[in-house]
Amino acid sequence: MQDDDTTHGPLAGFTVGVTAARRAEELATLLKRRGAAVLHAPALRIVQLADDSELLAATKQLIGHAPDVAVATTAIGFRGWIEAADGWGVGDALLKTLSGVELLARGPKVKGAIRAAGLTEAWSPGSESMAEVLDRLLAEGVAGRRIALQLHGEPLPGFVESLNAAGADVVVVPVYRWMPPQDIAPLDRMLDVTAARGLDAITFTSAPAAASFLGRAETRGLLPEILGALRDDVLVACVGPVTALPLQARGIDTLQPERFRLGPLVQLMCARLPLAARTLPVAGHRVEIRGHAVLVDDELRAVPPAGMALLHALARRPGWVVARADLLRVLPGSGTDEHAVETAMARLRTALGAPRLIQTVVKRGYRLALDPSADTKYDR
């Protein structure tokens with residue numbers, strides 16, 4: 001299907017995977033507005049611990065023995081803590097306790113949650129980094145000080161250990177935990193699509209999601225295929241360096257925005273993902289081959305999966321003849337009948353809207369009609 005005009009977003013023709021459980025709809029909307037096709041499969045789920053004995057015990061412990069410092073790491077976690085305390089009938093006591101301590105907020109959203117509870121933060125790092133929070137605490141000196149740390153679903157590597165080593169008494173407050181998704185089928189489908197190189201990019205917004213994604217791949221025996229795809233063919237975008245750690249531990253390069261926010265993450269993908277497209281001068285046209293669509297002279301042309309498989313095969317050796325038998329092998333579900341290649345090729349030519357882009361070489365196969373004066377700058 002052809003667009004009504006030549007206007008398209010920078011991510012048009014690309015398929016992006018979203019693994020987030022929280023704010024997934026917001027991220028998907030940002031991507032779709034820029035033209036991307038989105039495949040969503042939460043790699044985990046957030047389990048609130050309003051009835052959890054560990055959270056209740058930590059809350060009562062802090063009310064009974066107030067900390068010197070409290071560190072709030074996430075807005076949803078801080079709100080969940082206050083709401084849980086209200087449910088237990090100790091909400092007012094918790095707020096009174098926190099009003100008398102040095103309250104540190106990891107970022108602006110946490111500050112908003114703190115102020116919504118009627119409290120005021122003492123400080124917040126400009127980088128929104130827990131490393132900067134740790135540096136400040138250690139610089140102030142924590143020996144003999146009691147520090148409450150609201151966890152955001154997983155332990156913070158090295159954070160508690162560093163404070164304990166410096167002499168602090170740390171009370172962790174586990175407000176919610178990451179768990180596997182209740183319905184694993186969407187995640188399994190995303191893994192299958194990733195292994196088959198059906199994604200152009202995949203996004204991660206938390207380290208637990210990245211770890212869960214790789215863990216499920218390992219459970220299914222797909223880890224080598226997934227790692228190969230993420231290293232070679234699929235752009236991996238993470239919202240920040242902490243999120244990227246499980247992936248980098250497996251040797252996967254990741255893309256990260258300077259500001260750890262969804263908006264900058266999408267903007268960075270808009271700048272980088274089109275660079276992965278193959279651009280060729282073919283039969284007097286500028287042809288840019290994206291994941292599931294093609295730009296012909298900047299006009300977006302949607303192409304069915306079988307057609308894209310053929311086009312990618314032809315583009316690997318532009319101008320050279322590719323035999324029908326070789327094209328049949330890349331055609332999904334084609335079997336052994338070479339007539340399937342002819343049918344898919346006819347549909348591909350129709351979708352491209354410029355039949356002369358692909359030439360038939362009688363009794364041999366097909367070739368992209370690469371312009372003789374093709375400049376190497378097009379061959380990416």
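The values are calculated or read from the model by the stated rules, or taken from the named source; none is laboratory data. As the structure is a prediction and not an experimental result, all values here were calculated from the model. Positions of Cβ are backbone-derived with ideal geometry, glycine not excepted, and every protein chain shown enters the neighbour counts. Areas reflect the complete protein model, heavy atoms only, side chains present, ligands, DNA and RNA absent. Shrake-Rupley method; radii C 1.70, N 1.55, O 1.52, S 1.80 Å.
What the table shows:
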read-out: Potential lengthening between Lys363 and Thr219 on full extension [0.36 nm per residue; Cα-Cα distance subtracted]; value: 47.2 nm
read-out: Largest-first ordering by accessible area, 1.4 Å probe, given options Glu288, Glu26, Glu299; value: Glu26, Glu299, Glu288
read-out: Student exercise, the chain dipole from Lys, Arg, Asp, Glu Cβ charges, in Debye to nearest 20; value: 940 debye
read-out: More than 22 Å apart - percent of Cα-Cα pairs taken over the stretch 94-183; value: 30 percent
read-out: Cα-based Rg and Dmax for the stretch 224-380, where Dmax is the largest Cα-Cα distance (Å); value: 18.2, 56
read-out: Difference of contour (0.36 nm per residue) and Cα-Cα distance, Met179 to Glu26; value: 52.9 nm
read-out: Probe 1.4 Å - accessible area at Trp178, Å² to nearest ten; value: 50 Å²
read-out: Proximal lysine pairs, the chain, alpha carbons under 27 Å, eight or more residues apart or interchain; value: 6
read-out: Contour excess over end-to-end distance, with Cα ends at Asp188 and Thr343 and 0.36 nm allotted per residue; value: 52.7 nm
read-out: Met345 - accessible surface, heavy atoms, 1.4 Å probe, Å² rounded to 10; value: 0 Å²
read-out: Cα centroid of the stretch 29-76 to Cα centroid of the stretch 182-244, whole Å; value: 22 Å
read-out: Accessible surface of the chain [probe 1.4 Å, protein heavy atoms]: carbon and sulfur percent; value: 51 percent
read-out: Karplus 3J(HN,Hα) series, Hz, for the stretch 348-360 with 6.51 cos²θ - 1.76 cosθ + 1.60 (x for Gly, Pro); value: 5, 4, 5, 5, 6, x, 9, x, 6, 4, 10, 9, 8
read-out: Residues whose placed amide H lies under 5 Å from that of Leu255, excluding near-sequence neighbours; value: Val236, Ala237, Cys238
read-out: DSSP-assigned coil residues among trypsin sites (Lys or Arg not before Pro) in the stretch 267-309, each with at most 13 further Cβ atoms within 10 Å; value: none
read-out: Heavy atoms of Glu25 accessible to a 1.4 Å probe, total area in Å² rounded to 10; value: 150 Å²
read-out: Spin-label zone in the stretch 8-31 - amide nitrogen under 17 Å from a point set 7 Å from the Cα of Gln267 along the C-beta vector; value: 10-11, 27, 30-31
read-out: Cα Rg, Dmax (largest Cα-Cα span) when computed across the stretch 40-192, Å; value: 16.3, 52
read-out: R0 of 25 Å, Cβ-Cβ distance Ser99-Asp169: FRET efficiency to nearest 0.05; value: 0.75
read-out: Probe 1.4 Å, protein heavy atoms only - accessible area per residue of the chain in square angstrom; value: 47 Å²
read-out: Crossing angle, helix 305-316 versus the chain [Cα axis fit, 0-90 degrees, rounded to tens]; value: 80 degrees
read-out: Label-point separation, Val47 to Ala143 (7 Å along Cα→Cβ), nm; value: 4.1 nm
read-out: Volume per residue that the Cα convex hull of the chain spans, once the total is divided by residue count, Å³; value: 158 Å³
read-out: Value at 222 nm in deg cm²/dmol, rounded to 500, when DSSP H runs of n ≥ 4 in the chain each add -39,500 (n - 2.57); value: -12500 deg cm²/dmol
